[in-house]
There are 2 protein chains.
Amino acid sequence: MPPGMRADARRNVARIVAAAAEAFARHGAEASLEEIARSAGVGSATLHRHFPGRQALLEAVFRERVEELCERARELAGTWEPGPALVGWLRAVSAHAASNRGLAAALACGAADGDPEFGRGCHALITAAGMELLDRAQAAGAARTDVAITELLTLVSAVALATETGSAPAADADRLVRLALEGLAPGR
Amino acid sequence: MPPGMRADARRNVARIVAAAAEAFARHGAEASLEEIARSAGVGSATLHRHFPGRQALLEAVFRERVEELCERARELAGTWEPGPALVGWLRAVSAHAASNRGLAAALACGAADGDPEFGRGCHALITAAGMELLDRAQAAGAARTDVAITELLTLVSAVALATETGSAPAADADRLVRLALEGLAPGR
């Protein structure tokens with residue numbers, strides 16, 4: 001949000017983004033903008049003044065999710081042991097991917113309409129947040145040293161892709177991510 | 001192949017399927033049928049007599065891959081220790097998925113034109129072959145007992161999906177499948 005924005009305008013933007021997040025999660029990226037305005041308690045004109053197109057609204061929702069994940073990484077790094085912090089964060093990324101799959105695809109497809117740097121920027125933020133957690137876990141001997149954060153994030157998004165059409169995508173994804181991080185050997 | 005087929009017809013069918021496998025792997029499911037006939041050394045009429053449409057040819061190639069994987073499972077069960085046999089087979093499935101991704105998608109999309117039972121039949125064969133290897137590995141204490149073969153196969157196909165657009169899909173997929181089977185802990 002622009003720093004000079006008035007308090008009531010800020011409140012409107014926050015309400016619109018929250019309503020949009022819910023609508024996109026429930027109906028996918030094609031959710032009705034009019035219904036989003038209605039459930040945010042603002043007029044369509046207000047929504048369009050802040051978000052000139054669907055792409056801008058998708059980006060705002062996605063950026064908020066990315067910021068939440070970066071914030072979550074900092075929290076976990078400050079309070080959990082290095083190994084569980086990394087695993088807990090990757091599971092949070094998985095939950096995010098499971099509930100925002102359509103959103104991510106829509107952003108990728110619509111990239112020509114939106115900010116071309118946007119996807120790369122989000123990717124860089126997530127990678128940097130995860131790299132800190134992986135570095136800590138590796139330094140503590142809680143994670144193998146021959147694995148890169150990009151590999152772990154690819155595994156997480158692979159699982160999100162493969163489970164998104166099932167009846168319980170988030171639960172299936174969480175189960176498979178834990179399996180992939182724990183491995184096949186017994187006794188863990 | 002029908003049991004009563006003459007020897008020269010059998011040879012033609014085998015040559016067409018081999019040429020089609022190579023063409024689909026190189027050019028995807030839209031590979032030219034005329035070029036397939038040409039590199040098999042048969043006329044287009046012969047190809048169409050044995051395979052009335054593209055879908056039939058895709059199915060023949062895919063079925064052959066599935067049979068190879070089932071045969072590989074039997075070989076590994078007979079010669080390798082239970083744990084490495086399971087891991088080796090899952091890596092073989094991954095290599096298959098990496099080189100046949102477009103093929104599998106084309107079969108799924110074209111299912112209405114082809115045999116509707118085909119996909120389910122292939123899936124059942126692969127699952128049964130893998131289940132035997134997993135049962136053996138679990139009985140030998142080489143694999144955790146709370147994992148199902150369908151979960152392992154979903155992980156493998158998830159990785160194939162996520163790596164197919166990279167510059168080295170088969171190598172990337174193999175690396176990630178091994179990572180998922182070994183897990184994040186150091187010292188393996």
Axis-proximal residue, chain A, for the rotation superposing A on B (Cβ, Å): A:Gly183, 1
Dipole of the stretch B:1-101, positive direction: furthest Cα of B:Gly78, B:Ala21, B:Ala97, with charges on the beta-carbon: B:Ala21
Relative counts (whole %) of C-alpha pair distances in the protein assembly as shown, using bins that are 20 Å wide: 24, 47, 25, 4, 0
Cα centroid of the stretch B:63-104 to Cα centroid of the stretch A:42-85, whole Å: 42 Å
Acute angle (nearest 10 degrees) that the helix A:7-27 long axis makes with the longest principal axis of chain A, alpha-carbon atoms: 60 degrees
Shielding by partners, peptide B:69-77 (average Cβ within 10 angstrom, other chains): 0
Solvent-accessible area buried by A and B, counting both chains, probe 1.4 angstrom, square angstrom: 2600 Å²
Estimated distance in nm for a label pair at A:Thr127 and B:Ala7, the labels positioned 7 Å out from Cα along Cα-to-Cβ: 6.0 nm
Percent of alpha-carbon pairs separated by more than 14 Å within the stretch B:12-95: 65 percent
Derived scalar couplings ³J(HN,Hα) [the stretch A:136-151; Karplus, 6.51 cos²θ - 1.76 cosθ + 1.60; whole Hz; x for Gly, Pro]: 4, 5, 5, 5, 8, x, 9, 9, 4, 8, 9, 10, 9, 4, 5, 5
Ranked packing of B:143-150, B:125-132, B:173-180, A:15-22, most packed first, by mean Cβ within 10 Å: B:173-180, A:15-22, B:125-132, B:143-150
Residues with amide H under 5 Å from that of B:Ala143, placed H, sequence gap 5 or more: B:Gln138
Net dipole in debye of the protein assembly as shown [+1 Lys, Arg Cβ; -1 Asp, Glu Cβ; about Cα centre; nearest 20]: 40 debye
Other-copy label distances relative to A:Ala25, 7 angstrom Cα-Cβ extension, nm: 4.5
Alpha-carbon spread of the stretch A:126-188, three principal axes, descending order, Å: 39, 31, 15
Accessible carbon and sulfur surface of the stretch B:142-188 relative to its total accessible area, %, 1.4 Å: 52 percent
Surface accessible to a 1.4 Å probe, per residue, for the residues of the protein assembly as shown, Å²: 50 Å²
Label zone at A:Asp135 (point 7 Å along Cα-to-Cβ), backbone N below 17 Å, the stretch A:68-85: A:70-71, A:73-79, A:82-83, A:85
Descending semi-axes in whole angstrom, ellipsoid equivalent of chain A, from the Cα gyration tensor: 33, 18, 14
Chain B - charge dipole about Cα centre, Lys and Arg +1 at Cβ, Asp and Glu -1, debye rounded to 20: 340 debye
Label distances, nm, A:Glu81 versus same residue in remaining copies, Cβ-directed 7 Å point: 2.8
For B:Ala171, inter-copy label distances in nm, listed shortest first [label point 7 Å out on the Cα-Cβ vector]: 4.1
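The values are calculated or read from the model by the stated rules, or taken from the named source; none is laboratory data. Note that the structure is a prediction, hence the values are computed from the model and not measured. Counting neighbours? That spans all protein chains shown, and the Cβs are built from the backbone with ideal geometry, glycine included. Just so you know, the surface numbers come from the protein's heavy atoms only, side chains and all, with ligands and any DNA or RNA stripped out. Shrake-Rupley method; radii C 1.70, N 1.55, O 1.52, S 1.80 Å.
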